[in-house]
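Asks: Next up is a structure, given as structure tokens.
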Amino acid sequence: MGSVYVEELNTVVCPAERLEPALLEQWMRKYYFHCDFDIGSSGVEDYAMGELREILDIDVAEIDALVFHDSETLGGRGLRRSLADRWTGGDVDQVMATHGSSEANYLIMNALLKPGDEVVVLDPCYQQLYAIAQAIGCRLKSWAMPFRQGFSPDFDELRRLITPETKMVVVNFPHNPTGASLNPEQLQQLIKEVRRVGAYLVWDGAFTEMTFDAPPLPLPNASYERAISMGTLSKSYGLPGLRVGWCLAAPEVLEKCIHLRDYLTLHLSPLVELMAEKAVRHADRLVERRRQQAMRNRDRLGLWMEEHQEWIEWVPPAGGVSSFPRLKKVVDVEAFCHRLAQERKVLLVPGVCFGHPQHVRLGYGGSPQALEEGLQRLAAHLKKAASKTT
Ligand SMILES: Cc1ncc(COP(=O)(O)O)c(C=O)c1O
């Protein structure tokens, strides 16, 4: 592997006033805590502390022994080591633990990008993965995932999009919101195209382990020295409230994040790091239960989609826990989702939050009961909306 070339310290931090409103977060602020049936989120059913202690064999004495020291800038030793053992072949120097992967995304974009840089992003896209680059003043290019092509991105198009000017390519597979993924050959093709121009490959692996029909993809870091992989406990691990994510990259790249982190979060809490370390050490125990549940939910959702194809069409997801169906008869999908939340207490996310107003994000990672009731109420709401337009 070649060495990683990192430019001088970047002085540009994206100005807050240039960051566009975070539409998904705004939607969640409005409805996440006020709905009874969540079929809009992109996570699995959350674990409770008691369950977690039992599954991870955490003795209360271990928690009692914890001293509330400050932690280290790139993460406490134990947590970094557990992440390194799981993801980087034991190399701790390539690991930074963060306050959710959102902090990792924010740090990396600000540390590596400058105004005018060309950045290739997916469309549709989780907003954070393009909006920070946009606020910095980068030139964004969209790599389309067309619904009519099963949300599969086209590699000929990627070849045209990536130029010697390209500084970064940002992807997220399995993908939020569509649930689409790549196969191992496509991953290698992607790496080949990015390597051709020496750009950074930012790989948001929030759902890496959550695959149903194929084993998880390997991280690109092992085969490309300019790959930067993000991960999180918020999605497949059922621990969003722990607020732990990570960034795996060459030490020179992580070093560049420290400057900004010194003004942002400084470090994580040692209590959070203790829980996170245990979760990472026994990740498979946490993830496998939720993966099985999501797989059963996906089957149920598939039957529901078939029964309701007069109103809704979809691409069955290959991974993650969300799908991105299209509503056939609803004129204003955002208004429809507002009413669904207000009148029927069902959380669904309008596609406008991902730039595709005729779609909705429908999540199936939660409890089977919430999914069942949410789908029944959604069906009634769809029929009512259709009767108004005909
Ligand atoms: C694709 C993707 N990346 C990153 C994040 C950020 O999550 P967190 O900060 O909780 O790790 C999310 C959250 O929804 C996401 O969907």
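No lab work stands behind these numbers, since they all come straight from the coordinates. In this text, all values refer to a predicted model and were calculated from it rather than measured experimentally. When we count neighbours, we look across all protein chains shown, and the Cβ atoms used for this are built from the backbone with ideal geometry, even at glycine.
Asks: So if R0 is 25 Å, what FRET efficiency would Ala380 and Glu25 give, r being the distance between their Cβ atoms, rounded to the nearest 0.05?
Replies: So, using R0 = 25 Å, E works out to roughly 0.30.
Asks: Right, something else. Can you give the charge dipole size of the chain about its Cα centre, rounded to the nearest 20 debye, using +1 on the beta carbon of Lys and Arg and -1 on the beta carbon of Asp and Glu? Don't skip to the end; give the middle numbers.
Replies: Numbers: 43 positive and 51 negative charges, 235 e Å.
Charge dipole of the chain: 1120 debye, to the nearest 20.
Asks: Take a quick pass over the chain and tell me how many lysine pairs come in under 17 angstrom between Cα atoms, counting only ones 8 or more apart or on separate chains.
Replies: Value for the chain: 16.
Asks: Would you kindly give the portion of the calculated P(r) for region 168-265 that falls above 21 Å, as a percent of all Cα pairs?
Replies: For region 168-265, the fraction of Cα-Cα distances above 21 Å is 37 percent.
Asks: Also: How do 18-29, 108-119 rank on mean C-beta neighbours within 10 Å, highest first?
Replies: Numbers: 18-29: 14.4, 108-119: 20.6.
Top to bottom by mean Cβ count within 10 Å: 108-119, 18-29.
Asks: Roughly what would the spin-label model give for Arg300 and Arg160, points 7 Å off Cα along C-beta, in nm?
Replies: 4.3
Asks: Okay, next question. So which chymotrypsin sites (Phe, Trp or Tyr not before Pro) in region 122-219 are both in a DSSP loop and have at most 16 other Cβ atoms within 10 Å of their Cβ?
Replies: none
Asks: Under a point spin-label approximation (7 Å from Cα along Cα-to-Cβ), what is the Gln358-Gln149 distance to one decimal in nm?
Replies: For Gln358 paired with Gln149, the spin-label model returns 1.7 nm.
Asks: Mind giving me the nanometre distance, one decimal, between the label points for Val67 and Val92, set 7 Å out from Cα along Cα→Cβ?
Replies: Once both label points are built, they end up 1.8 nm from each other.
Asks: Relative contact order of region 49-284: what whole-number percent is it, with Cα pairs under 8 angstrom and at least 6 residues apart?
Replies: Details: 412 pairs, mean separation 65.5, N = 236.
For region 49-284, the relative contact order is 28 percent.
Asks: Which residues does the label zone of Leu140 cover in region 19-34, counting backbone N under 19 Å from a point 7 Å along Cα→Cβ?
Replies: 19-28
Asks: Provide the gained length on full extension for the span Gln292 to Gln369, in nm with one decimal, where the gain is 0.36 nm per separating residue minus the Cα-Cα distance. Walk me through the intermediate numbers first.
Replies: Working: separation 77, 0.36 × 77 = 27.72 nm, distance 1.52 nm.
Stretched out fully, the Gln292 to Gln369 stretch lengthens by 26.2 nm.
Asks: Let me ask something else about it. DSSP loop GluC sites (Glu not before Pro) in region 285-333 with at most 13 other Cβ atoms within 10 Å of their Cβ, which ones?
Replies: The qualifying sites are Glu310.
Asks: On a full-extension model of 0.36 nm per residue, what is the gain between Val60 and Lys328, subtracting their alpha-carbon distance, rounded to one decimal in nm?
Replies: 91.2 nm
Asks: May I ask for the equivalent-ellipsoid semi-axes of the chain, computed as the square root of five times each C-alpha gyration tensor eigenvalue and listed largest first in whole Å? Walk me through the numbers on the way to the answer.
Replies: Details: eigenvalues 218, 141, 73 Å².
Calculated on Cα positions only, the semi-axes equal 33, 27, 19 Å.
Asks: Given charges of +1 on the Cβ of Lys and Arg and -1 on the Cβ of Asp and Glu, with all other atoms neutral, how large is the dipole of region 251-390 about its Cα centre, in debye to the nearest 20?
Replies: The dipole of region 251-390 has a size of about 460 debye.
Asks: Out of all DSSP beta bridges with both ends in the chain, state the antiparallel percent to the nearest 5.
Replies: In the chain, approximately 45 percent of DSSP beta bridges are antiparallel ones.
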